[in-house]
């Protein structure tokens, strides 16, 4: 009886060992990884396996049969990661499951890389990194491509390219010929623009400006004057001036009390209203100060530009507030004069 029992236990042990060995050496199946059954291993398969591993999707028979890539009898994120790498051609599924099929491989030399012998997998791009029997690079096989003529600014040469890698080389180098300038038109200086003489290259047409004469500036002279009264400010003399060189006409305002002349070009009323609406201030005279900044001149003999700064009528920035020390103006962080109400 004991002998029969021993035989039965031995058979069970062998059967158990066989089952265990089978689980550890799960055979490669070309269908592995294709858990959605579309005939391909794609990111969609990896996503499905990942959802099953997180208990977000049901584990189907196909997922059970073809989703356990690492052979641990579980569907995990590790299986999904392997499937994704296979889908991106970063892994070979057969190599992952059964190991690489290594063989000695000869990499032939080229004109850009040396040759060598290495051990590489016949199924994927894996190599063990070892290199033996190093062979030197080959010589480039140059073939004539074209001739390039020298120009005023660039050299000329015969161009050859390697028939294998396309690497270029130049022969018969000819230096640039240099420009051949000839004197051309003379442009006179004006009040606001420089004068110069044009020199043009007869070969390439490039033009240089030489013999520069600086702009002379306007020479304004009075044409007419009239007295204008502005509420809360006083009398102004509105005058018209004309440049004796270019005939440009400007309007200026002379204040009777200081006799300061402020060259002013009237701006469009829409522009003045835009500044008025932005800072919600009254205005009396629309104009532009001597620095070219647009102003809306209003009460208390100030001007205001588009950024909120206060100006004097001579076009200079108003001094800081003597009470709080901040810059006078209506912009952010400025003093609009209201702090004076607390004096005394």
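What the table shows:
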| quantity | calculated |
| --- | --- |
| Evaluation of residue 48 against (1) modelled with pLDDT under 85; (2) closer than 24 Å to residue 86 by Cβ (one fails), failing number | (1) |
| Among (1) closer than 30 Å to residue 73 by Cα; (2) touching a strand residue (DSSP E or B) at 6+ places or on another chain (Cβ under 8 Å), the one test that residue 96 misses | (2) |
| First in region 19-37 and on the phi < 0 side of the Ramachandran plot and modelled with pLDDT of 85 or more, second anywhere and part of a loop (DSSP other than H, G, I, E, B) and surrounded by 13 or more Cβ atoms within 10 Å (Cβ to Cβ), Cβ under 6 Å, 6 or more apart | 34/41; 35/67 |
| Strands (runs of 3 or more DSSP E) completely within region 140-226 that count 1 or more residues being within 30 Å of residue 244 (Cα to Cα) | 181-187, 195-201, 207-213 |
| Region 41-61, residues that are free of Cβ contacts under 8 Å to residues at least 24 places away in the same chain and in a loop (DSSP other than H, G, I, E, B) | 54, 55, 56, 57, 58, 59 |
| Criterion: in contact with a helix residue (DSSP H, G or I) (Cβ under 9 Å, 6 or more places away or on another chain) and either assigned to a loop (DSSP other than H, G, I, E, B) or exposed (fewer than 15 other Cβ atoms within 10 Å of the Cβ) (or both) - qualifying residue of 81, 31 | 31 |
| Residue 207 being in the same structural domain as residue 245 (by TED's automatic domain parsing) and modelled with pLDDT under 95 | no |
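The values are calculated or read from the model by the stated rules, or taken from the named source; none is laboratory data. For clarity, every value in this text was computed on a predicted model and none was experimentally measured. Virtual Cβ from ideal backbone geometry, glycine too; neighbours counted across all protein chains shown.
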